[in-house]
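One structure below.
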Amino acid sequence: MTDTLFDPSSAATMADCDNNEPLVELRGIAKTFGSNRVIDGLDFTMYRGEAVAVIGPSGTGKSTILRIIAGLLAPDEGEIYIAGQRRVGLIEDAQDPVGIGMVFQQAALFDSLTVEENVGFLLYQHSTLSHRQIHGLVEEVLEMVGLPGIASRYPAELSGGMRKRVSFARAIVSNPQNPTDRPAMLLYDEPTAGLDPIASTVIEDLIRNIQQSNGCSSYIIVTHQDSTIRRTADRVIFLHRGKIQWSGGIAEIDETDNPFVRQFFSGNVEGPIQLVQ
């Protein structure tokens, strides 16, 4: 694997994509768990080719938003549109017009399955592809994430960073007999959490490399890590108490006077973000 997978000068630009229609649109989304209103009337629009970071303090609904967009969790209120088509219910209730892949915070691999069986799990379960065809597709995506030759290993034999990359491979593998399976958008939930700085850099470069390799691929990333925010996102939204408190480009992070952003990046205990005891 090379030291740097992402070359900013060769990245796909939004100008290369059809940005006229929102890829994702959330209107008045609300979600409550018990007495805790985690998401409170949230509006959000994302276009093709965008790389968006969702940031904010812990417990403010960032991962909940990802699961709602992925169709794994239904909102209590509001409407969700994927590529202009309204989604009703969960992803299992009706096929979205575009594919959405999700990379979970804890790689969520099956310990009893090999890397190949993990990456190709959905293809083995829900396609008519032969074992040889699936093996070839798995090897292809493992090569893409910088992990050739590990298909026969088990998750316990991999480092934390390697397991993260295997989960990336699982998210992007698709059935060539059904092109609509190829994800048009990826959702990353804390992909660099718990990794050392070097491993984090590898993952950050990989995220950009996957976007570049997939042409107009779009993604949303939830993260607390400063380097991950600045190296993987083009646009940032700050979520607190279920609402978007600020939105802007990466360059605006250091220029804005928004008190939420200033407190978050300075680590100051004084400010509008109060630690929940």
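Read the figures in this text as sums done on the coordinates, not as results from a lab. Keep in mind it's a predicted model, so treat the numbers as computed, not measured. Counting neighbours? That spans all protein chains shown, and the Cβs are built from the backbone with ideal geometry, glycine included.
Against the chain, whose longest principal axis is taken from its Cα atoms, helix 131-144 shows a tilt of about 50°. At full extension, GLU252 and GLU143 could sit 35.7 nm farther apart than now, given 0.36 nm per residue minus the alpha carbon distance.
Altogether, the Stokes-Einstein calculation at 10 °C and 1.306 mPa s, with the Kirkwood radius of the range 81-209 over Cα pairs as Rh, returns a diffusion coefficient of 103 µm²/s. Label-to-label distance, ARG262 versus ARG235, with points set 7 angstrom from Cα along the beta-carbon direction: 2.5 nm.
Helix 197-213 axis versus longest C-alpha principal axis of the chain: approximately 70°, rounded to the nearest ten.
What FRET efficiency do you get for HIS131 and ARG182 if R0 is 25 Å and r is their Cβ-Cβ distance, rounded to the nearest 0.05? Provide the component values of the computation, followed by the final result.
On the way: r = 21 Å, r/R0 = 0.84.
E between HIS131 and ARG182, to the nearest 0.05, is 0.75.
All distinct Cα pairs of the range 17-114 go into the 1/r average, and the inverse of that average, the Kirkwood radius, is 14.7 Å.
Diagonalising the gyration tensor over the Cα atoms of the range 160-277 and scaling each eigenvalue by 5 before taking the square root yields semi-axes of 30, 16, 13 Å, largest first. By the beta-carbon count within 10 Å of each Cβ, the least crowded to most crowded order of TYR154, TYR219, fewest first, is TYR154, TYR219.
At full extension, SER152 and ILE91 could sit 18.9 nm farther apart than now, given 0.36 nm per residue minus the alpha carbon distance. Using just its DSSP H runs of length 4 or more, each adding -39500 (n - 2.57), the chain gives a mean residue ellipticity at 222 nm of -8500 deg cm²/dmol after division by all residues. Here the extension length gained between ASN36 and GLU270 equals 81.9 nm, from 0.36 nm per residue of separation less the Cα-Cα distance.
Remark: relative contact order (the chain) = 24 percent; criterion is Cα-Cα distance under 8 angstrom and separation of 6 or more residues. So if R0 is 22 Å, what FRET efficiency would ASP76 and ILE244 give, r being the distance between their Cβ atoms, rounded to the nearest 0.05? Step by step, r from the Cβ atoms, then E = 0.75. Where the alpha-carbon atoms of the chain are placed on the principal axes, they occupy 56, 41, 41 Å, in descending order.
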